[in-house]
Each structure stands twice: as structure tokens, then as C-alpha cells.
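Visitor: The structure's right below; bear with me while I get my questions together.
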Amino acid sequence: MFPSYQIATKSTTCGSMIYSLMNGNLLSYDTEDGEVRTFDHLETLSDVSISHIAYSKEAGRLLIVYNNCNVDLMDGDGNVLNLSALKDKRILDKEVSSIYINGVMAYLATGFGFVEVDMKEGVFRNTYRLGFAVNCIAASDEAVFLGLSDGIRYCKKTDNMQLTENWKMRLAWGGFKAMCFFQDKLMAMNAQGLFALDPYNNINTSYSKANYTFLKCSGNQIIWGNASQVGFTSDVTAEPTIITINNKWTDISYLNGTYWMSEQENGLRGYKLDGSAFIPTGSIIQPSSPIRDLGYNISWVGDRLLVAGGINTTDSYNNPATAMYYENGEWTNFQEMEIPAEYPRFKLVNTTDLVQDPMDDTHHFASLYRGGLCEYRNGKFVKVYNHDNSPLKSILPTLPQYYNYVLCSALSYDAEGNLWMASTMKDSVLHVLKPNGKWLKLYYKELDGCSLVDKILHHSSGIKIITSRRIDKRGVFCLDTKGTMERDTDDKTILHQNIVNQDGTPYLPDQFYCLCEDLDGKVWVGTSAGLFVIEDVSGIFSSNFQFTQIKINRNDGSGLADYLLNDVAISSITIDAANRKWIGTQTNGAYLISADGQEMIHHFTTEDSPLLSNYVQSIAVHPGTGEVVFGTDKGLCSFIGDATAPEAELDKNNVTVFPNPVTPDYNGPIAIRGLVSDTEVKIISTGGQLVWNGTSAGGTCTWNGLANNGRRVASGIYHVVANTPDGGKAIVTRIVIVR
């Protein structure tokens with residue numbers, strides 16, 4: 001998994017430990033020994049996308065609330081108890097807006113009321129459906145206080161808190177957004193400032209006037225602040241300390257004389273107070289990771305994984321401009337450029353594609369959904385190409401902010417190093433930037449004004465196959481330039497909007513999402529109506545061209561067959577070294593199917609695997625290692641696949657076995673790598689008996705450590721005999737098994 005630990009937003013303390021919420025992921029920092037520990041869905045936690053954290057000293061547990069209302073309780077050793085009742089409950093407005101800890105009890109404010117969690121016993125105690133949308137909540141030993149849009153209500157615990165009429169109005173004004181108890185005062189924060197309230201009497205003291213964004217009781221202090229001011233005190237009856245400082249702090253925790261600031265994209269950092277100034281005490285706590293949990297477009301270029309985090313939808317304009325790459329275990333997050341002086345309201349948002357110059361691995365281009373084409377060197381911003389300096393034109397050129405309407409997408413390099421891109425909703429949709437810096441505009445009537453082109457495939461035949469995703473010009477556009485981009489008189493083009501399969505069955509998909517060429521030259525197309533195949537690209541310009549749908553025999557004696565993934569929305573397709581197809585869907589997770597489509601090898605969903613989301617936006621397979629990375633709407637995760645690029649010839653010096661020896665604590669697959677395609681592999685005992693046999697997927701064959709009879713093999717030395725498919729060459733190596 002590749003969770004993001006870059007943007008720090010909240011924190012809480014526990015002994016010498018600071019727990020930090022970064023990008024909705026959890027991290028701990030030990031202030032005594034400096035150890036940083038990350039927690040994720042694969043090894044520790046029950047879910048992804050955390051919204052709130054808080055610690056109960058009395059219960060000795062950290063409360064973790066997820067965006068989907070799932071709840072975890074984690075102790076100091078990392079043991080987790082999951083409480084899923086609120087997540088599973090069918091109830092409206094159950095999203096948790098804030099939490100408050102009083103002793104061992106946690107109070108979760110929701111849109112219907114609030115929920116009590118006994119953190120010591122690890123159970124939900126009560127659910128209060130009051131009909132109030134609760135913005136914030138606070139509790140003492142005697143009563144619970146609710147911050148509502150029209151004021152503050154409270155109810156003593158000795159009364160029946162299930163009855164709405166028992167909730168008395170403490171204040172009939174305010175719009176309070178945060179509350180906490182401090183030294184017998186109810187401290188409440190709204191847009192006008194911070195107030196110290198007597199819990200039950202009409203005594204209200206305006207404590208500090210400003211529109212603050214956070215309020216917290218931490219250590220022996222109460223702390224509040226915004227982007228220009230921080231206030232704190234250890235005595236609510238005394239004048240507070242107010243420090244004016246420009247900052248990006250969204251939360252502050254106090255521990256043993258150090259203020260721990262959640263500094264958004266600058267991570268978590270400790271500060272000491274020196275007079276009226278905060279002085280950093282050490283380095284920023286921010287592990288190498290993606291800057292955000294976004295993975296719309298991903299691809300391997302050699303050993304480098306490129307990631308563009310935006311998304312090609314009209315409602316995602318404010319997505320941050322996320323571009324990054326992963327290599328040698330480290331993440332490089334591209335500079336999110338400052339606003340150009342000539343464009344004071346320019347928005348660098350929603351990076352939808354990222355490509356690397358095939359001649360220079362320090363040189364990258366990124367497409368911005370509405371900002372044009374962005375150029376980077378060494379991860380640093382160089383230039384933006386838009387309406388004023390390139391053929392990419394604004395769709396609203398007469399507006400004062402015309403430069404925020406240059407729609408760019410679908411970046412792809414061809415074999416000659418030409419960068420192809422699309423600028424949709426214009427007459428000339430396709431553009432090419434040549435290695436010498438020259439631009440070409442390519443006009444084709446089929447694409448004139450189309451609303452979204454977001455995939456360009458350079459087929460091995462030289463034909464360009466392009467997805468026009470939606471609305472009236474949706475379909476698969478095919479282009480043969482005959483090798484002369486500058487001359488269009490001999491170009492061949494066609495837009496296939498209506499799909500007819502080999503049985504004459506017609507389809508008219510609402511969306512055309514993706515396409516991919518396999519190792520046999522076939523093109524697999526993913527649509528909202530399912531999966532289709534272009535078997536022979538040479539016939540694609542025929543108006544009578546038929547797509548193919550893979551048929552899977554029912555094997556029930558009926559002689560009938562079903563179309564593979566029919567009516568499943570296919571969002572991504574890629575090919576591994578064994579020509580198998582990895583298929584991502586919008587709602588059903590990810591599939592691995594055999595090269596011919598007849599066998600479903602894997603089906604991963606969030607219910608039965610560590611997959612982060614069932615909406616798989618993109619998939620990339622490393623050809624050398626077989627690692628499969630899934631880009632989802634909740635971030636990136638990977639699976640160690642068993643297909644690697646095959647060797648040109650079978651050579652014992654290239655063949656490795658991992659792990660070897662196989663120790664008693666290992667239960668995973670055993671990989672034999674460095675093979676040629678379709679190598680026949682046999683596992684033979686020292687007595688010469690055949691234990692297991694199989695065939696390599698690309699350059700790797702995996703063995704589960706079981707004999708052909710399904711039983712685990714005993715300790716011993718086993719021979720691996722690998723033969724080329726034609727039987728012309730064989731090599732022998734060994735595996736040591738220890739049980």
C-alpha cells in the first residue's frame with residue numbers, strides 16, 4: 001500500500017506519543033526516541049479515510065472514526081478492536097461531525113443527534129436520535145452539550161436524554177462549531193470568537209474575538225487559532241496569550257512544553273515558545289509518500305511509477321494539481337507551481353495525465369483539466385502552455401479568466417517522440433508537440449467539438465485509436481496518418497459509436513472509458529456497457545466492422561455462453577507480461593483474466609482483499625517485477641503479481657527462486673523467475689517423484705508449496721526442472737523447504 005502522509009490536519013497526544021492525522025491516514029511520533037510509525041488498512045486498521053481521532057487516557061485507547069462511520073479502538077500496542085455498528089446501520093445523516101472524550105466515554109456528534117461509545121469496554125452504549133443536526137459536542141460528568149446551528153442545548157445525564165423535550169436551550173444564538181470543557185467552563189467557538197460559558201447559568205464571557213478555525217484542550221492548556229493568530233492559556237480566569245503569526249496550522253497539540261502544529265502540506269512539527277515567537281524544535285515529521293491519496297492515471301516507465309491524481313469530470317475542477325512519481329522506494333511530489341504573475345487568478349488544479357519524455361527522464365508534461373499543458377524539469381515547474389502561447393485554446397475566450405478554461409487531456413508519446421494531446425470542446429481536438437518544439441493542429445470532423453477525449457493509443461500497426469468518452473460524439477475514433485502528420489489528405493478516419501458484436505448484438509454505450517493493446521495486437525476497449533475487443537485492427541476502418549465479446553461457456557449442459565463482464569462499467573485495462581488482462585471497474589473492484597479471456601484468475605474487492613476501493617480508476621503492471629499497482633479514488637495499493645517479462649533464452653544463471661530456503665513462517669507463493677515464455681516447470685523430490693508441475697506466466701512461475709494432491713510438501717530439498725516450450729533446452733535448480 002502507498003498511503004499518503006504529507007498533509008497534516010489533526011493530532012492528539014498519548015503519553016510521549018503524538019498521533020497525527022495526515023491525508024486521512026494515521027501516523028505516530030514518539031517524542032522520546034523519535035520513532036515514526038505508520039498505520040494502514042493492510043496491517044493494522046479496519047478501514048481507510050479517517051475523519052477524526054481522539055485519545056482516552058482512562059481507557060488507554062485511541063478512537064479512530066472513518067468517513068464511512070466505521071470506528072476502530074486501538075491500544076498502545078497497536079491492537080485494534082473494530083466497531084462497525086454505526087457504519088452498518090441504515091440511518092440518514094449519520095456522518096460524524098465531531099467527537100469528544102470524557103473519561104472512558106466518547107461522544108460522536110452526527111446529523112441526527114449523537115452516539116456514545118464506551119472505549120474501555122469497546123461497545124456502543126447508546127444512540128440518540130434527537131432530530132438535531134449536531135455540529136459539535138462536549139460532555140462533563142453531569143451533562144452533555146450540543147452545538148447546533150441555532151445555539152447550544154444541554155441535557156443532564158440523570159434525565160432521559162432520549163427525549164427531545166429534555167434538551168434545554170443554553171444559548172439561542174451562535175452557530176457554534178467547536179466546544180470543550182476547561183476548568184469548569186464550557187469553551188465555545190463560533191465565527192465571532194471564543195466564549196467562556198458557565199455551563200448552566202446565563203453567564204457568557206467573550207474570551208477572544210476573531211473568526212477562529214480550531215479549538216482544543218490539550219495537556220494543561222486550551223488552544224485556539226486561525227491562519228493569522230494563535231491563542232492559549234493554562235488559566236481561564238487570566239488574560240490569554242495571543243500571538244499574531246501567519247501560518248497554515250489547522251490544529252495544535254501541547255505536550256511537555258512543546259506545541260505540535262499540524263501544518264497541512266508542511267507536515268507535523270514541534271515548536272517551543274520563546275517570548276512571543278514560536279521556534280521550531282526539530283525536523284518536519286513527514287514520511288516519504290504520495291502527496292495525496294489520488295490515483296486517477298498511473299503508468300510504469302521503467303522502474304518509475306508516474307501518478308496523476310486529478311479526474312476527467314466536470315464536477316472535479318477544484319481537485320488539487322497532484323503529480324508525482326515513485327522510484328527506488330521513494331516518492332517525488334512535483335512542485336505545485338505558484339500563480340503566474342500575468343494570471344492572478346489562475347488555478348493549477350486537477351492534473352489528469354502525466355508523461356515522461358522518452359529521451360530525458362527529468363522532463364515531464366502534465367495535463368490540467370482546465371489549465372492547459374504544464375511542463376516540469378526535475379519535478380519543478382517550468383512553463384504552462386495555454387491560450388496565449390500555444391494552439392491550445394480556451395473554450396470561453398471572451399471571459400476575463402479565459403485562461404482557466406483551456407481543456408487539456410490524453411497525453412501520449414508516439415514512437416518518434418511526438419507528444420500527442422487533446423484539447424476538447426474545440427474544433428481541432430488533437431494537438432502534437434514535436435521534439436523540436438513545433439506544434440501541429442490536427443482537425444478531423446468526427447471529433448469537432450467533442451466534450452472529452454482522454455485516451456490515445458498508438459497501436460503497433462501505426463494506427464491511432466482514441467476514446468471520445470461521452471455525449472453526442474462518444475465512441476472509438478480511429479486514425480491512420482500514413483506516417484505523415486503534416487499532410488492530412490491521405491488520412492483515414494472513422495468514429496465507431498455503435499458497437500455491434502460478432503453475434504450482431506448492438507450496443508450504444510453511454511461512456512467509452514479506456515483501451516489497451518495486448519501482446520497479440522488486439523485492442524481491448526472498456527465502456528459503460530462492458531468489455532469489447534478489436535480482434536483485427538486492419539479492418540477497423542470498415543463501416544461494417546464488428547467488435548468481439550468474449551464468451552464464457554456455462555458448462556451446465558445447456559450449450560449456452562455468457563459475455564465476459566457484460567454491462568459492467570470498465571474503467572481501466574492493462575496487460576501483464578503473460579498477456580493476461582487486468583481490468584478495473586467502477587463498482588466491482590478489479591479482475592485478472594487469462595490471456596484468452598476464458599479464465600477468471602482473480603477478482604479483488606474491498607470485501608475480500610486489501611483493495612482500497614471498488615472504483616479502480618487505473619492499473620499499471622511493472623513488466624520486470626510483475627508488481628500490479630491499483631489507482632483508486634481512495635489512493636494507491638499494489639499486489640505482487642506472478643507475471644514478469646520473459647527472458648530471451650533459458651539460462652540457469654538468470655533463474656532465481658524466492659524465497660529459498662522456504663522457512664516455517666512463510667506461507668506465500670514461491671516464485672521461479674528468469675524463465676522464457678510458457679516454460680514448463682516441474683518440482684521433483686530427491687527420490688525422483690513428480691511433486692508438482694505448472695507453466696510460467698511470462699518469465700515467472702509460482703508454486704504454492706503444495707503437491708499435486710493438495711497437501712503441503714514435507715521438509716527437504718526439491719529439484720526444479722524447467723523446460724522450454726519446445727523441449728529444446730532444460731535447466732535444473734533447487735529449493736530447500738523447512739517445515
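The values are calculated or read from the model by the stated rules, or taken from the named source; none is laboratory data. Just so it is clear, the structure is predicted and the values come from calculations on it, not from any experiment. Quick reminder, even Gly has a Cβ in these numbers, built from the backbone with ideal geometry, and neighbours come from all protein chains shown.
Visitor: Tell me the strands (runs of 3 or more DSSP E) entirely within segment 1-89 that contain at least 2 residues that are more than 23 Å from the chain's Cα centre (by Cα) and closer than 22 Å to Gly282 by Cβ. Give the derivation first.
Guide: Working: elements: 8-14, 17-22, 25-30, 36-39, 50-56, 61-66, 71-75, 80-83.
Here the list reads 8-14, 17-22, 25-30.
Visitor: I'd like to check which strands (runs of 3 or more DSSP E) are fully inside segment 100-140 and have at least 3 residues that are at pLDDT below 95, surrounded by fewer than 21 Cβ atoms within 10 Å (Cβ to Cβ) and within 31 Å of the chain's Cα centre (by Cα). Don't jump to the end; show me each part of the working.
Guide: Details: elements: 105-110, 113-118, 123-129, 136-139.
Because the criterion is at least 3 residues that are at pLDDT below 95, surrounded by fewer than 21 Cβ atoms within 10 Å (Cβ to Cβ) and within 31 Å of the chain's Cα centre (by Cα), no strands (runs of 3 or more DSSP E) in segment 100-140 meet it.
Visitor: Right, another one. Just to be sure I understand, how many residues within segment 213-246 are out of contact with any Ser or Thr (no Cβ under 8 Å at 6 or more places or on another chain) and aromatic (Phe, Trp, Tyr)?
Guide: 0
Visitor: Do we have Ser84 as more than 23 Å from Trp260 (Cα to Cα) and either modelled with pLDDT of 95 or more or assigned by TED's automatic domain parsing to the domain that holds Leu294 (or both) here?
Guide: On the way: more than 23 Å from Trp260 (Cα to Cα): yes; either modelled with pLDDT of 95 or more or assigned by TED's automatic domain parsing to the domain that holds Leu294 (or both): yes.
Considered against the rule, which asks whether it is more than 23 Å from Trp260 (Cα to Cα) and either modelled with pLDDT of 95 or more or assigned by TED's automatic domain parsing to the domain that holds Leu294 (or both), Ser84 comes out as yes.
Visitor: In segment 590-687, which strands (runs of 3 or more DSSP E) lie fully inside it and hold 2 or more residues that are touching a Phe, Trp or Tyr at 6+ places or on another chain (Cβ under 9 Å), without any contact (Cβ under 8 Å) to a residue 24 or more places away in the chain and within 30 Å of Gly727 (Cα to Cα)? Give the derivation first.
Guide: Numbers: elements: 590-593, 600-604, 616-621, 627-632, 635-640, 656-658, 670-673, 680-685.
Those strands (runs of 3 or more DSSP E) span 600-604.
Visitor: Against the definition (out of contact with any strand residue (DSSP E or B) (no Cβ under 9 Å at 6 or more places or on another chain) and either of a type outside the set (Lys, Arg) or at pLDDT 95 or above (or both)), how does Asn160 come out, yes or no? Step through it out loud before you land on a result.
Guide: Values: out of contact with any strand residue (DSSP E or B) (no Cβ under 9 Å at 6 or more places or on another chain): yes; either of a type outside the set (Lys, Arg) or at pLDDT 95 or above (or both): yes.
So Asn160 passes the test.
Visitor: Of (1) modelled with pLDDT under 95; (2) at negative phi, His603 satisfies all except one. Which?
Guide: (1)
Visitor: So, one more: Restricting to segment 714-726, give me the number of residues that are in contact (Cβ under 8 Å) with a residue 24 or more places away in the chain, more than 15 Å from Gln689 (Cβ to Cβ) and out of contact with any Leu (no Cβ under 9 Å at 6 or more places or on another chain). Working first, answer last.
Guide: To start, the set of residues in segment 714-726 that are in contact (Cβ under 8 Å) with a residue 24 or more places away in the chain comprises 714-725.
Still in the list and also more than 15 Å from Gln689 (Cβ to Cβ): 715, 722-725.
Now restrict to residues that are out of contact with any Leu (no Cβ under 9 Å at 6 or more places or on another chain): 715, 725.
So the answer is 2.
Visitor: While we're on this one: Scan segment 421-442 for residues that are among the basic types (Lys, Arg) and buried (at least 19 other Cβ atoms within 10 Å of the Cβ) and jot them down. Walk me through it before giving the result.
Guide: Of segment 421-442, the ones among the basic types (Lys, Arg) are 426, 434, 438, 441.
Across segment 421-442, the qualifying residue is only Lys426.
Visitor: Looking at the structure I just gave you, is Val616 surrounded by 21 or more Cβ atoms within 10 Å (Cβ to Cβ), among the hydrophobic types (A, V, I, L, M, F, W, C) and farther than 30 Å from Thr322 by Cα? Break it down into steps so the answer makes sense when it comes.
Guide: Numbers: surrounded by 21 or more Cβ atoms within 10 Å (Cβ to Cβ): yes; among the hydrophobic types (A, V, I, L, M, F, W, C): yes; farther than 30 Å from Thr322 by Cα: no.
For Val616, the condition - surrounded by 21 or more Cβ atoms within 10 Å (Cβ to Cβ), among the hydrophobic types (A, V, I, L, M, F, W, C) and farther than 30 Å from Thr322 by Cα - is not met.
Visitor: Do any strands (runs of 3 or more DSSP E) lying entirely in segment 314-385 carry at least 3 residues that are touching a strand residue (DSSP E or B) at 6+ places or on another chain (Cβ under 8 Å) and over 25 Å from Thr424 (Cβ atoms), and which ones are they?
Guide: In segment 314-385, 323-327, 330-333 are the strands (runs of 3 or more DSSP E) which contain 3 or more residues that are touching a strand residue (DSSP E or B) at 6+ places or on another chain (Cβ under 8 Å) and over 25 Å from Thr424 (Cβ atoms).
Visitor: Now for a separate question. Among Cys701, Cys637, which is under 35 Å from the mean Cα position of the chain (by Cα), crowded, with 20+ Cβ neighbours inside 10 Å, modelled with pLDDT of 90 or more and not assigned by TED's automatic domain parsing to the domain that holds Gln586? Don't jump to the end; show me each part of the working.
Guide: Numbers: Cys637 fails: not assigned by TED's automatic domain parsing to the domain that holds Gln586.
After applying the criteria, what remains is Cys701.
Visitor: Here is a check on your reading of the model: is Ala578 more than 18 Å from Gly295 (Cα to Cα), at pLDDT below 95 and surrounded by 16 or more Cβ atoms within 10 Å (Cβ to Cβ)?
Guide: So Ala578 fits the description; yes.
Visitor: Scan segment 202-231 for residues that are of a type in the set (Phe, Trp, Tyr) and crowded, with 20+ Cβ neighbours inside 10 Å and jot them down. Full working, then the answer.
Guide: Within segment 202-231, the subset of a type in the set (Phe, Trp, Tyr) is 207, 212, 214, 224.
Hits for segment 202-231 are Tyr207, Tyr212, Trp224.
Visitor: Out of the residues in segment 276-311 that are under 20 Å from the mean Cα position of the chain (by Cα) and of a type in the set (Gly, Ala, Ser), state the one that is surrounded by the most Cβ atoms within 10 Å (Cβ to Cβ).
Guide: Gly295
Conditions tested, residue by residue: (1) under 16 Å from Ile465 (Cβ atoms); (2) at pLDDT below 95; (3) surrounded by 14 or more Cβ atoms within 10 Å (Cβ to Cβ); (4) not polar (S, T, N, Q).
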{"residue": "Ile494", "(1), (2), (3), (4)": "yes, no, yes, yes"}
{"residue": "Gln502", "(1), (2), (3), (4)": "no, no, no, no"}
{"residue": "Pro509", "(1), (2), (3), (4)": "yes, no, yes, yes"}
{"residue": "Cys516", "(1), (2), (3), (4)": "yes, no, yes, yes"}
{"residue": "Val523", "(1), (2), (3), (4)": "yes, no, yes, yes"}
{"residue": "Phe532", "(1), (2), (3), (4)": "yes, no, yes, yes"}
{"residue": "Ser543", "(1), (2), (3), (4)": "no, yes, no, no"}
{"residue": "Thr548", "(1), (2), (3), (4)": "yes, no, yes, no"}
{"residue": "Asn555", "(1), (2), (3), (4)": "no, yes, no, no"}
